[in-house]
Amino acid sequence: MTQRSNDGSLSSSSSSLAPAPRAALASPRTTEATYEFLAFEVSGDRMGLPLGSVKEILKLAPITPVPRAPGEVLGILSVRGRITTVICLRTKLGMVPPRGASRSARILLVDRGHEILGLRVDAVTEVLRLRASEIEPADAIGAGLAEHVTGLGRPNSAGGNVVSGGEVIVLLDPVALLR
Amino acid sequence: MSDEADRVRDEFLAESQEIVESLSRDLLLLDHGQKHGRADPDLVNSVFRGVHTLKGIAGMFGYRELSEIAHVLEDLLDHLRLGRVQLAQSSLDVLFEGVEVLQRLLGAIRGEVHEVDIASFRRSATALFGATAAPVTDPLAAYDLDPSMLGVLTEYEEHRLRTNAEMRVPLYRLRVRFALSSIDTDLDGLKSRLKPVAEIITYLPSVESSGDDTIELEVLLASATPLSDLRQLVGDAPIDAIATRDRPSRTMPPPPAGSGGGMVAPSVAPPAMRTGEGEGRDLAPRDAGAEAIAVRAVAKTVRVDISKLDHLMNVIGELGIVRSAVGRVLDRLGARSDLRPITAELHRIHRSFERHLEALQDGVLDVRMVPLGQTFDRLARAVRQVAREHEKEVRLVVNGGDTEIDKLIVEELIDPLLHLIRNAVGHGIESRDQRARIGKDPTGIIALNAYQKGNHVVIEVEDDGAGIDAQRVLARAVERKLLDIQSARDLDDQEIKQLVFLPGFSTADEVTDLSGRGVGLDVVRTNIGRLGGVIDLHSTTGIGTKFTLTLPITLAILSALVMRVGNHTFAIPLTVVQEALFLDPNAIRVVDGREMITLRGQSLPVVRLAELFRTGDPPRQRGYVVVTSLGQRRLGIVVDALEGQQDIVTKALGPSLASVRGFAGATDLGDQRVVLVLDAPSLLDEVLSADTRVASSSSHDLARGGPS
């Protein structure tokens, strides 16, 4: 069954993303802390979640819609026998909902304590290591997003040389997001 | 709490529960024996051993109240055993009450019950013991304590005092004077000095207190350390031992007259029994016996957390998915004539796999099964108690206690059954006089029958009481505006009696401790419905009333009907499906804004699933009506197509979907499809609740089956 074999290959891919203990993330050269984020795309924006909060990445499998569920709920899916609710990150963040299937779309499994939720994103891009100085607190974000955002990541901006128009990653707060 | 602590606690609970259940079984036998004048002394011993073991393990796990109640019971049983108290209804009442309290305390530990009143049991026990037992139940009586001090102790302090007194730890009164300015540090200093050798029960400002800047505290201490050593620790503060009252007078037998409650004057003076090493010697052999019994019981059985069985069931469900996947491959291979030999071999393997899988599934289901007997024992206790409270004579006749049903269902059954039993005793069975007048046996009979019927278990609760008075039910229903007189005219007697299931039928003004408890039969019906079961009622005036509960044997696997609406697929448990029929669009009529069809002369409300769930699928002319029924309520669910029947394992939806009504869960159909399982009781409630007040509708069927 394709779904099963998907799971198999996916869990192996997720193991390569296994979060390292925080202490091990500290860069050997400097004493400055670095943090790892899983970077992905949502409606053209680059976003990230702390790598440790993502348990697994799944390819987009058929999702069963649930009538009467809140709008952000795409539906349910069975992950190795466990019924998992999938939330559309676009809708959740007030963006245009996705249309139809997409080859690159992924479901991130995120543990919110008493439940593992799936978050649908448009594509997963990379694992990013950001130093503390590359992370900017979230004051400057638009009102709609602010509650879900911990900060902005600006890779290669350390030392205060913020290049205007440089790459910006919206760092999401998994706790606020899944509340 | 850590997992390990949880596990230990669960083990403790499971074992205690077993003991309590066997206690009540034995007590019922004793009760029976006592009524017929031949109580078996071995039963008293067996109850005694059970209580003793319970006391031991409760103490070991730190459940003080439980241990304390067990202790009181143990004392009483000891008296019974030694013939110092006579076995009588009054003493049995106290024993039953004690077991009930134990049961509730266990519930409290499980977190199901919030408050347990142990004081009233203590009072009953004290009353029964009378003067003989006062020192046993109230060890404080042995000490010459100032009552004004006792009066201001907190519950915890009193408990500690009692515990120390029970263990015969000497008590001391210490007076210390501290400067107000340094009282905190001085007091802490005193506490830390005393802690290794004594327990400070309480400290209170002394009555003849205080100069301007000092305060005198009276400290109550419990300590096994000699007074001379304590004196050294407290410096020059005066400390005295609290005198214990004269022992012989304490344990003196009470005067034979006036000792109510089935007590008899002790034939042997008991002074030595409760003091000194005598007790220790007495206990040692009992301990060994009780432990041996416990060990033997453990060797024969394994206690398993039901979630582990759920996990196994899940794995079996997954294997079922593999099985159907292989089946589909086989179907495709069937078309390939060149592969015929190998296909045939795979077929054989597949069939064998299927057989073993079924055996495995049956095996796991079998482990989940428990006999209803345990539940019935608890009900028997309730019958006895409720009957006494009502001053009625009731005999409980149990049949089919060995019928097995899913453990999870059993747990949910107790409350509904208790309710029915209370109803039967409270409202069903007539008083002795009344029964005698109409020539019935003064002892009423409640029968509990259980038997298996296909994939269902049927439980009947039947009484030989007055039956339900249709006219009174009707009057009450009209008075409560549950229906109007117009529609009432169309109902026959049996239909009227079904009205007792309507919400709002039973009312707060007759809530008594005995029957209603403010919960109506509608709740019973809803709870049974939630288990996939139905409840029916048949009552004949003057002859009696019978409630019939039909329940699925297990919740783990159920047969479901898979159906389609537009692009959506849903499953519905077959237990609630009466039949499915082709929808004739012309047969639909609209009554009061609700679509109805006529099925065999009766009208049936129908709902289109596509509209109910707003699936956005265009309405279709053709389709099927799935007739679902719960008890007397029926609803036709209109779908586009039926896909067939399948065994499913229902899995819960995540907490994030808890607020979504209408689904019992979801299931994996095995072809990569997850489908939602409809929650029939909640859908029926939702759709039919619009008709709660049938008032304007004169439809015969609505009034009968519809309202909820």
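Per-structure values
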read-out: Whole-angstrom gap from the stretch B:442-494 to the stretch B:611-645, using each part's C-alpha centre; value: 30
read-out: Area of residue B:438 that stays accessible when all protein chains are in place (1.4 Å probe, Å², to 10); value: 110
read-out: Protein accessible area in the stretch B:306-369, 1.4 Å probe - carbon and sulfur %; value: 59
read-out: FRET efficiency, residue B:243 to residue B:182 (Cβ-Cβ, R0 45 Å, nearest 0.05); value: 0.85
read-out: Cα shape, the stretch B:378-453, gyration tensor, a/c 1.5 rule; value: prolate
read-out: Calculated on alpha-carbon atoms, Rg and Dmax of the stretch B:306-369 in Å; value: 14.9, 49
read-out: Distance between the stretch B:391-408 and the stretch B:35-73 - C-alpha centres, whole angstrom; value: 24
read-out: Nearest-10 value in Å² for the accessible area of residue B:233, using the 1.4 Å probe; value: 60
read-out: Contact surface B-A: accessible area buried, both sides summed, square angstrom, 1.4 angstrom probe; value: 2000
read-out: Förster-model FRET efficiency, 22 Å R0, residue B:65 and residue B:168, C-beta, rounded to 0.05; value: 0.60
read-out: Accessible area (Å², 1.4 Å probe, nearest 10) - residue A:35; value: 70
read-out: FRET efficiency for residue B:310 and residue B:113, using Cβ-Cβ distance with R0 set to 22 Å, rounded to 0.05; value: 0.30
read-out: Reachable lysines from residue B:191, criterion Cα separation under 22 angstrom, eight or more residues apart if same chain; value: none
read-out: Full-extension gain in nm, residue B:611 to residue B:204, via 0.36 nm per residue minus C-alpha separation; value: 139.4 nm
read-out: Residue B:437 paired with residue A:82, simple spin-label distance in nm, labels 7 Å along Cα-to-beta-carbon; value: 6.5
read-out: List A:115, B:112, B:65, B:97, ordered by accessible area with a 1.4 Å probe, largest first; value: B:112, B:65, B:97, A:115
read-out: Average accessible surface area per residue within the stretch B:558-705, 1.4 Å rolling probe, Å²; value: 41
read-out: Ranked order, A:154, A:179, B:381 - accessible area, probe 1.4 Å, largest first; value: A:179, A:154, B:381
read-out: Pair-distance profile P(r), taking every C-alpha pair of the stretch B:333-475, with 10 angstrom steps and integer %; value: 10, 28, 21, 14, 9, 8, 6, 4, 0
read-out: Heavy-atom accessible area ranking, 1.4 Å probe, most first, across B:419, B:159, B:311; value: B:311, B:159, B:419
read-out: Average accessible area per residue (Å²) across the stretch B:372-552 - probe 1.4 Å, nucleic acids and ligands excluded; value: 44
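The values are calculated or read from the model by the stated rules, or taken from the named source; none is laboratory data. Since this is a predicted model, take the numbers as computed values, not measurements. Glycine gets a Cβ as well: all are built from the backbone with ideal geometry, and neighbour counts include every protein chain shown. The accessibility values were calculated without ligands, DNA or RNA, using every heavy atom of the protein model including side chains. Shrake-Rupley method; radii C 1.70, N 1.55, O 1.52, S 1.80 Å.
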